[in-house]
Amino acid sequence: MSDSFSHYWAHEIDALALAPQRRHSCCYGDFPNTSGIDADHDIVVVLNGTSSGVCPPDLDWIPRDREGLVIADAVSAAFTRHIDVDRVDALCWSWQKALGGEGGHGMIALSPRAQGRLKAGVGRPVAKLMRLHNSDGSVNSAFFGGRTISTPSMFAVEDIHSALDWAEACGGLPALVNKVADNYSVMADWVKATSWIDWLCANPAARSSCSITLRLSPEPPGGSEEKDRAKIVSGMIRLLEAEGAALDIWSYGDAPPGFRIWAGPTVEADDLAVLCEWLDWAYSQMCEAGTMSKKIIAPSHKLAYGES
């Protein structure tokens, strides 16, 4: 586990007493070593951790010929990266993230093996919102033909149809992945050229290209303790909000003080470049108010790219 949402999955498995589990953990901001994972057991993996900016470099460690099921949380990974679906049995994602749809709407794709597990059943009570069975215990096949468990807003449905039309017009998944790569490149170039900022995920192979999570460099001017960094970050964000330049770019609740910026396919690379200018400006303002002077003129463009 390397992300807050991985921990949420683990806690849910414990709370529901589904089965004994083995947690594969590492330091916050990296992806665990997968060499000890036994694919004869079920695996739960988060494909893009938005709180830490971490994702598995690939799924090659999951054999196609396996006994266990692989449950993949692709809430923010869908439409931002290629997913080897042959190595996944249950894939869940939302309308909200990559395509900018409405929140609260989830999708799930199940492999034949996962559907077979449903048919086997275990007689556990399941909340209606999650129930894929008929009253007699058989799998409700209508859900795999387009039926919904609950009635969604038709405005939300039309909105996601429009988003999918836009994605297709852009060139489909390859084009969306390329847009994300371009966005990441802008942010990576800026981080490389900027002494006071650093990645929260130090491992480039495990770094998310769409969930940009940043922290102040280990010894920023004005203080190196975490409380000092938190004060600098908080001051910068409030300056940017006051200017209408960036909204909701706070780091995730249990992440170290820093910034969390969405760089998915609905975001333009040029706009992210301007956002970097605003971050430089905000940092210079904090420096000027603190122990050193570093004056930068405020950019003329105003943007907002937070992680919802």
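Residue by residue, here is whether (1) among the basic types (Lys, Arg); (2) surrounded by 12 or more Cβ atoms within 10 Å (Cβ to Cβ); (3) touching a residue at least 60 places away in the same chain (Cβ under 8 Å); (4) under 19 Å from Phe79 (Cα atoms) holds:
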site: Ile108; (1), (2), (3), (4): no, yes, no, yes
site: Ala114; (1), (2), (3), (4): no, yes, no, no
site: Lys119; (1), (2), (3), (4): yes, no, no, no
site: Pro125; (1), (2), (3), (4): no, no, no, no
site: Gly137; (1), (2), (3), (4): no, no, no, no
site: Leu173; (1), (2), (3), (4): no, yes, yes, yes
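In the range 243-257, the count of residues that are within 30 Å of Cys170 (Cβ to Cβ), open to solvent by 10 Å² or more (accessible area, probe 1.4 Å) and not in a loop (DSSP other than H, G, I, E, B) is one or more. Of all residues in the range 71-105, those satisfying the criterion of being open to solvent by less than 10 Å² (accessible area, probe 1.4 Å), under 25 Å from Trp262 (Cα atoms) and out of contact with any Gly (no Cβ under 7 Å at 6 or more places or on another chain) are Ala72, Ala74, Ser76, Ala77. As a summary of the residue check, Asp248 satisfies the conditions (1) among the acidic types (Asp, Glu); (2) at positive phi; (3) in contact with a Lys or Arg (Cβ under 8 Å, 6 or more places away or on another chain) except for the one numbered (3). Of all the criteria given as (1) modelled with pLDDT of 95 or more; (2) within 29 Å of Ala163 (Cβ to Cβ); (3) open to solvent by less than 60 Å² (accessible area, probe 1.4 Å), the one not satisfied by Asp270 is (3). Cβ-Cβ contacts under 9 Å between residues 6 or more apart (or on different chains), taken from a first residue in the range 5-34 that is closer than 26 Å to Leu200 by Cβ to a second residue that is aromatic (Phe, Trp, Tyr), are listed as Gly29/Trp199; Thr34/Trp61.
Cβ separations smaller than 9 Å between residues 6+ apart or across chains give the following pairs from the range 206-221 residues that are more than 17 Å from Asp280 (Cα to Cα) and of a type in the set (A, V, I, L, M, F, W, C) to residues that are at pLDDT below 95 and in a strand (DSSP E or B): Ala206/Val54.
With respect to Glu288, is the statement that it is part of a helix (DSSP H, G or I), at pLDDT below 95 and not hydrophobic (A, V, I, L, M, F, W, C) true? Please lay out each step first, then the result.
Values: part of a helix (DSSP H, G or I): yes; at pLDDT below 95: yes; not hydrophobic (A, V, I, L, M, F, W, C): yes.
Taking the combined requirement at face value, the residue satisfies it.
Hey, does the range 143-161 have a residue that's open to solvent by less than 50 Å² (accessible area, probe 1.4 Å), over 26 Å from the mean Cα position of the chain (by Cα) and modelled with pLDDT under 90? The answer is yes; a qualifying residue exists. Ala167 passes all but one of (1) at pLDDT 95 or above; (2) open to solvent by less than 20 Å² (accessible area, probe 1.4 Å); (3) in contact with a Ser or Thr (Cβ under 7 Å, 6 or more places away or on another chain); (4) small (Gly, Ala, Ser); which number fails? Of everything listed in (1) at pLDDT 95 or above; (2) open to solvent by less than 20 Å² (accessible area, probe 1.4 Å); (3) in contact with a Ser or Thr (Cβ under 7 Å, 6 or more places away or on another chain); (4) small (Gly, Ala, Ser), Ala167 misses just condition (3). Among residues that are out of contact with any helix residue (DSSP H, G or I) (no Cβ under 6 Å at 6 or more places or on another chain), assigned to a loop (DSSP other than H, G, I, E, B) and among the basic types (Lys, Arg), Arg23 is not included. Quick check: anything in the range 189-197 closer than 30 Å to Ala17 by Cβ and more than 21 Å from the chain's Cα centre (by Cα)? No - not one qualifying residue is present in the range 189-197. Residues that are free of Cβ contacts under 8 Å to residues at least 24 places away in the same chain and of a type in the set (A, V, I, L, M, F, W, C) were ranked within the range 176-195; the one that is surrounded by the fewest Cβ atoms within 10 Å (Cβ to Cβ) is Ala193. Taken as a whole, the range 45-65 holds no residue that is small (Gly, Ala, Ser) and over 23 Å from the mean Cα position of the chain (by Cα). Condition check for Asp38 on (1) under 22 Å from Ile261 (Cβ atoms); (2) open to solvent by 30 Å² or more (accessible area, probe 1.4 Å); (3) assigned to a loop (DSSP other than H, G, I, E, B): one failure, at (1). Tell me, please, whether a residue that is of a type in the set (A, V, I, L, M) and not in a helix (DSSP H, G or I) can be found in the range 213-225. Yes, the range 213-225 has at least one match. Scanning the range 46-70 for residues that are open to solvent by 10 Å² or more (accessible area, probe 1.4 Å) and touching a Leu at 6+ places or on another chain (Cβ under 8 Å) yields a count of 1.
The values are calculated or read from the model by the stated rules, or taken from the named source; none is laboratory data. As the structure is a prediction and not an experimental result, all values here were calculated from the model. Every residue, glycine as well, gets a Cβ built from its backbone with ideal geometry; the counts of neighbours run over all protein chains shown. Heads up: the accessible areas ignore ligands, DNA and RNA and are worked out on the full protein's heavy atoms, side chains in. Shrake-Rupley method; radii C 1.70, N 1.55, O 1.52, S 1.80 Å.
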